[in-house]
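Everything on this sheet refers to the single structure shown next.
The values are calculated or read from the model by the stated rules, or taken from the named source; none is laboratory data. Because the structure is predicted, anything quoted here is derived from the model rather than measured. When we count neighbours, we look across all protein chains shown, and the Cβ atoms used for this are built from the backbone with ideal geometry, even at glycine. Just so you know, the surface numbers come from the protein's heavy atoms only, side chains and all, with ligands and any DNA or RNA stripped out. Shrake-Rupley method; radii C 1.70, N 1.55, O 1.52, S 1.80 Å.
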Amino acid sequence: MIGASFSALDRQDDVFAADKVWTPGGEDAATQIPESQRRWGVPRFDLLQVHNLVDWRRHLGALLRIKAAGAIRYVGVTAYAGLRHEEVGRITMTEPIDFIQLTYNIVDRDAETRLLPMAQERGVAVIANRPFREGVLFAGLAVRPLPDLAASIGAASWAEFMLNFAISHPSIACAIPATRRVDHMTENMRALIGPQPY
């Protein structure tokens with residue numbers, strides 16, 4: 001799907017291509033990466049991450065070797081749903097990684113205490129996943145009016161407001177809300193415009 005979209009748009013060369021490696025023990029990232037690259041149709045990946053820390057020592061070692069050979073630009077690790085922050089912190093402190101991905105949103109803010117400052121201090125970029133808690137946050141907010149701050153930052157919806165909040169933290173490089181709908185994608189993109197609340 002991604003590869004077909006890039007091909008149709010003729011955009012293979014000017015995207016930031018990021019993917020994950022998460023084969024459990026016995027399978028080699030060296031076979032998964034070329035297959036993913038072929039499917040995407042990109043000349044190389046900009047970022048490859050060890051997904052949910054699955055077999056991270058072996059995979060991170062492989063990714064660092066691939067990076068050293070010039071075949072990828074950045075490497076990182078991901079964690080999901082606020083889990084394993086201690087381990088992500090240890091990896092951030094001890095391994096030469098470029099990115100971490102973790103859950104960060106208007107409610108799940110534990111990362112602000114230690115991980116986000118640590119990443120900023122070490123020059124590690126952060127990708128915020130689950131900025132809407134997979135849509136769960138909308139249920140509680142749908143009946144509430146937007147706060148006054150929303151108008152001052154140009155946010156016309158809760159989605160824009162929550163995404164704007166997530167990306168406004170100085171440690172956050174981007175947020176990945178995930179969607180299957182074009183109208184939601186358009187709404188999400190509007191969060192990139194205007195001032196930020198942080």
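Does any residue of region 142-152 turn out to be under 21 Å from Arg84 (Cβ atoms) and surrounded by 13 or more Cβ atoms within 10 Å (Cβ to Cβ)?
no
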Here are the criteria: (1) modelled with pLDDT of 90 or more; (2) out of contact with any Lys or Arg (no Cβ under 9 Å at 6 or more places or on another chain). Tell me which single one Ile176 does not satisfy.
(2)
Filtering region 129-154 down to residues that are in a loop (DSSP other than H, G, I, E, B) and among the hydrophobic types (A, V, I, L, M, F, W, C), which residue is farthest from His169 (Cα to Cα)?
Val143
Subset of region 14-32 [within 18 Å of the chain's Cα centre (by Cα) and either crowded, with 16+ Cβ neighbours inside 10 Å or free of Cβ contacts under 8 Å to residues at least 12 places away in the same chain (or both)]
Ala17, Ala18, Asp19, Lys20, Val21, Trp22
Residue count, region 111-128, condition open to solvent by 30 Å² or more (accessible area, probe 1.4 Å) and assigned to a helix (DSSP H, G or I), comes to 5
Pick from Arg57, Arg65, Arg73: which is open to solvent by 40 Å² or more (accessible area, probe 1.4 Å) and in contact with a helix residue (DSSP H, G or I) (Cβ under 9 Å, 6 or more places away or on another chain)?
Arg73
Against the condition over 27 Å from Leu63 (Cβ atoms), open to solvent by 10 Å² or more (accessible area, probe 1.4 Å), modelled with pLDDT under 90 and among the acidic types (Asp, Glu), how does Glu187 come out, does it pass?
yes
Is it the case, given these coordinates, that Gln101 is buried (at least 22 other Cβ atoms within 10 Å of the Cβ) and out of contact with any helix residue (DSSP H, G or I) (no Cβ under 8 Å at 6 or more places or on another chain)?
yes
Would you check which residues across region 69-93 are closer than 17 Å to Ala18 by Cα and of a type in the set (Gly, Ala, Ser) and list them?
Gly70, Ala71, Gly76, Ala79
Kindly indicate whether Ala81 is small (Gly, Ala, Ser) and either over 19 Å from Ala175 (Cα atoms) or open to solvent by 50 Å² or more (accessible area, probe 1.4 Å) (or both).
no
Out of curiosity, is Ala155 of a type outside the set (Asp, Glu), over 29 Å from Val75 (Cα atoms), open to solvent by 70 Å² or more (accessible area, probe 1.4 Å) and free of Cβ contacts under 8 Å to residues at least 40 places away in the same chain?
no
